[in-house]
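Visitor: Have a look at this one.
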Amino acid sequence: MIIPKPVRLDRRPGRFVLDDRTALTADPALSQVAMWLRGELGPAVGGELLPREPASGTIRLRLADLPAEAYRLTAGPGEVLVEAGGPVGAFYGAQTLRQLLPAHAYRRAGARPMELPAVLVEDRPRFAWRGCLLDVARHFMTKHHLLRFIDLMAMHKLNVLHLHLTDDQGWRVEIRRYPRLTQVGGWRRESQTGWNGAMDGQPHGGYYTQDDIREIVAYAAARQITVVPEIDLPGHTQAAIAAYPELGNLDTPLEVATTWGIGVNVLNAEDGTVEFFKNVFDEVLELFPSPVVCVGGDECRKDQWKTSPAAQRRIAELGLRDEEELQSWFIGRIGDHLAARGRRLLGWEEILEGGGPARGAVVAAWRGDLGAVLAARAGHDVVACPNTSVYLDYRQSDGADEPVPFGTVLTLQDVYAFEPVPAELRGTPEAARVIGAQCAVWTELIDSDRRIDYMVFPRLSAFAETVWSGPGRDFAGFSERLAAHLERLDAIGVEYRRASGPLPWQTRPGVPGRPEDPREWRATLEAWTSNLRGDL
Ligand code: ACM
């Protein structure tokens, strides 16, 4: 009944009754977890869990000699004991405790006594990095919904929220030193509605203030989630260039992009531009304590550098061979800046091109498996996020009922079948370089929170099991447990994709998608990654 599946779960005779006379006690080191659990379970039992005994039964959070993320949960009549090495494991134990209760435990009001079965659960995750990328640049997500999304990630024991904060179509984080990034870069005139489709004629935008970010980061931290910020560069920067034209390569002003695809507008490589982004990152580092910080690096078209006399002069001045090396040089400058401040650079696999990143970089490998294999062999830590398995913006069926069909079909079963360690690395020492995996919620074609729910759930539940529970999983068992899990999502109010309709929209005729045939993927991936093969 638990998702992700625990390493061990034994049923025992008996049950524990949770009601308004239940106590919750915790070792002082686990008090923040206790506070979270009190806040979640209080409304469901119609009051506060008692702070001390005597009580009808007691939930005890206790320190034990266990690894940081592991926990042991022993439930029987009169007591639920959650033992952990610290707050992280205790939090996962508390999440499991909640799933052992009926789905009603996920409601915010309407108290009811509840029971959970007597069990012994022993559990720990397979991977250290269990992430989800959320693209709040293409479509802004309000803070309210972002906090809800963090709760849903925490429910699935995911621990990294990779926030894609900037792109051609929007800049979503306040930078005090450069207010136009959000004043200008935070808004666009209109948006493309489908793939090569019509424009909607509606302005779109929004951004998080620095106070919002501090709140989001603290809220996530209380749920054992690290927020990894991404400032994408040197491509995907049209919104920044629209705000500060001196960052670009053209004499003509740009607007924030209104259409999708890989834009041609990239940063110039002047010292002033590198300095600008060092200053941006200084504010970003103040806001996000994450030890790993993402600088993007994906899909940087070099057209403008090829034709710009200034860029060509820069390449010569720096003694570089070509535009690929100029990108690597740019990323390297930002990487040095991060390293001097004690942070590790995370970049998309294209950072392997043009000489590659410094040792210590983490590579997000996204175009099939190849980037993960090459990055691991080159000695980098890898987060596997292949579009061929875990891009949750890709359509879920071949039917006409998908909102705006895009990419290849990735069913729930396809996501469940995902194995983070590529076949070529299995059984080799480099397999240990794969520190985890990350699913991705790109939002070009996902323009509302309802559609986020539809695209993400329950595929994220399947993903969670691939990163937590490891090999030896089986889809039939998952499907059985999923039935109970969907009741939890119903109680929370998540509009997940159902096996059959009705759907929360009507497919809009005239809004074309871009469905792709999986048989064409191999050629596409080979073309995309040809630079990588050449370089390594
Ligand atoms: C990506 O999908 N451009 C990382």
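Quick note: the coordinates plus some simple rules give every number you see, no bench work behind them. Keep in mind it's a predicted model, so treat the numbers as computed, not measured. Neighbour counts run over all protein chains shown; Cβ positions are idealised from the backbone, glycine included.
Visitor: Using DSSP to call loops (not H, G, I, E or B), can you name the trypsin sites (Lys or Arg not before Pro) in the range 183-273 whose Cβ has at most 16 other Cβ atoms within 10 angstrom?
Guide: When the trypsin sites (Lys or Arg not before Pro) of the range 183-273 are filtered for loop state and at most 16 Cβ neighbours within 10 Å, Arg189 remain.
Visitor: Answer rounded, prolate or oblate for the range 356-440, using the Cα gyration tensor with square roots of eigenvalues a ≥ b ≥ c: rounded when a/c is under 1.5, else prolate when a/b is larger than b/c, else oblate.
Guide: Taking the square roots of the gyration eigenvalues as a ≥ b ≥ c, the range 356-440 is prolate.
Visitor: Gain in length, Arg15 to Arg301, computed as 0.36 nm per residue apart minus the alpha-carbon separation, to one decimal in nm?
Guide: Separation in residues times 0.36 nm, less the Cα-Cα distance, equals 96.9 nm.
Visitor: Shifting gears a bit: Mind ranking 46-55, 267-276 by how tightly packed they are, going by the mean number of other C-beta atoms within 10 angstrom, highest first?
Guide: Working: 46-55: 13.5, 267-276: 17.7.
Output ranking for 46-55, 267-276: 267-276, 46-55.
Visitor: Right, here's the next one. Nearest 0.05, what FRET efficiency do Asp490 and Asp517 give at R0 = 35 Å with Cβ-Cβ as r?
Guide: 0.50
Visitor: Still on this structure: Check Arg344: other-chain or 5+ apart residues with amide H under 5 Å from its amide H, H built from backbone geometry?
Guide: Val292, Val293
Visitor: Tell me which of Trp195, Phe277, Ile213 sits at the most positive position along the dipole axis of the range 182-293, charges placed on C-beta atoms (Lys, Arg +1; Asp, Glu -1).
Guide: Looking along the dipole axis, the top candidate is Trp195.
Visitor: Using a simple spin-label model with points 7 Å from Cα along the Cα→Cβ vector, what separation in nm is obtained for Glu255 and Asp474?
Guide: It is 5.8 nm.
Visitor: Then there is this: If each of Glu286 and Arg108 carries a label point 7 Å out from its Cα toward its Cβ, how far apart are those two points in nm?
Guide: Inter-label distance under the simple model: 3.3 nm.
Visitor: If you add up the charges near Ala417, with Lys and Arg at +1 and Asp and Glu at -1, over every other residue whose beta carbon is less than 14 angstrom from its beta carbon, what do you get?
Guide: Around Ala417, the surrounding residues sum to -3.
Visitor: Pop the C-beta distance of Ala400 and His145 into the FRET formula with R0 = 22 Å and round what comes out to the nearest 0.05.
Guide: The formula returns an efficiency of 0.20 here.
Visitor: Hey, if you put +1 on the Cβ of every Lys and Arg and -1 on every Asp and Glu Cβ in the chain, which of Val363, Pro515, Phe475 ends up farthest toward the positive end of that dipole?
Guide: It is Phe475, whose Cα lies furthest towards the positive end.
Visitor: Checking the a/c ratio against 1.5 first, then a/b against b/c, what shape does the Cα gyration tensor give for the range 115-230?
Guide: prolate
Visitor: Another one. Once the piece of chain linking Met35 and Glu317 is laid out straight, how much longer is it, given 0.36 nm per residue of separation minus the C-alpha distance between them?
Guide: 95.7 nm
Visitor: For n ≥ 4 DSSP H runs only, could you compute -39500 (n - 2.57) per run for the chain, divide by its residues and tell me the 222 nm figure to the nearest 500? Before the final figure, lay out the partial values.
Guide: Numbers: 18 runs with 180 residues, N = 536.
Rounded to the nearest 500, the figure is -10000 deg cm²/dmol.
Visitor: Let me ask another. How large is the charge dipole for the chain, taken about the Cα centre, if only the Cβ atoms of Lys, Arg (+1) and Asp, Glu (-1) carry charge, to the nearest 20 debye? Don't skip to the answer; put the middle values down first.
Guide: Working: 60 positive and 72 negative charges, 300 e Å.
So the magnitude is around 1440 debye.
Visitor: Could you list the residues of the range 23-49 with an amide nitrogen less than 15 Å from a label point located 7 Å from the Cα of Glu79 in the Cα-to-C-beta direction?
Guide: 23-27
Visitor: Right, something else. Specify which residue in the list Ile231, Ile3, Val293 is farthest towards the positive end of the charge dipole of the chain, using unit charges on the beta carbon of Lys, Arg (+1) and Asp, Glu (-1), about the Cα centre.
Guide: Ile3
Visitor: Return the long-range amide H neighbours of Gly57 (sequence gap of 5 or more, or a different chain), with a cut-off of under 5 Å between placed amide H atoms.
Guide: Under 5 Å from the amide H of Gly57: Ala23.
Visitor: For the chain, take the longest principal axis of its alpha carbons; what is the angle in degrees between that and the long axis of helix 31-45, to the nearest 10 within 0 to 90?
Guide: 70
Visitor: Assign unit charges at the C-beta atoms only (+1 for Lys and Arg, -1 for Asp and Glu), then state the dipole size of the range 136-190 relative to its Cα centre in Debye, rounded to the nearest 20.
Guide: 160
Visitor: Based on a Kirkwood Rh over C-alpha pairs, give the Stokes-Einstein translational diffusion coefficient of the range 269-389 at 20 °C and viscosity 1.002 mPa s in µm²/s.
Guide: After rounding, the answer is 143 µm²/s.
Visitor: Mind pulling the angle between the C-alpha long axis of helix 271-287 and the longest principal axis of the chain? Nearest 10 degrees, somewhere in 0 to 90.
Guide: Taking Cα atoms only, the helix is inclined about 10 degrees.
Visitor: Given the pairs Lys143/Lys278; Lys157/Lys302; Lys143/Lys302, which span a C-alpha to C-alpha distance of over 30 angstrom in this model?
Guide: Lys157/Lys302; Lys143/Lys302
Visitor: Here's a follow-up. Once the Cα atoms of helix 323-340 and of the chain are each reduced to a long axis, what angle between those two axes, in degrees from 0 to 90 to the nearest 10, is obtained?
Guide: Once rounded, one gets 50 degrees.
Visitor: Given Cβ point charges of +1 (Lys, Arg) and -1 (Asp, Glu) and nothing else, what value in debye, to the nearest 20, does the dipole of the range 400-477 about its Cα centre take? Let's see the in-between values first.
Guide: Details: 6 positive and 12 negative charges, 49 e Å.
Around 240 debye, computed over the range 400-477.
Visitor: Given H placed on each backbone N at 1.01 Å, which residues far from Gly14 in sequence or on other chains put an amide H within less than 5 Å of it?
Guide: So Gly14 has HN proximity to Ala118.
Visitor: May I pose another question? Taking Cα pairs under 8 Å and at least six residues apart, what relative contact order does the chain come out at, in percent?
Guide: The value is 14 percent.
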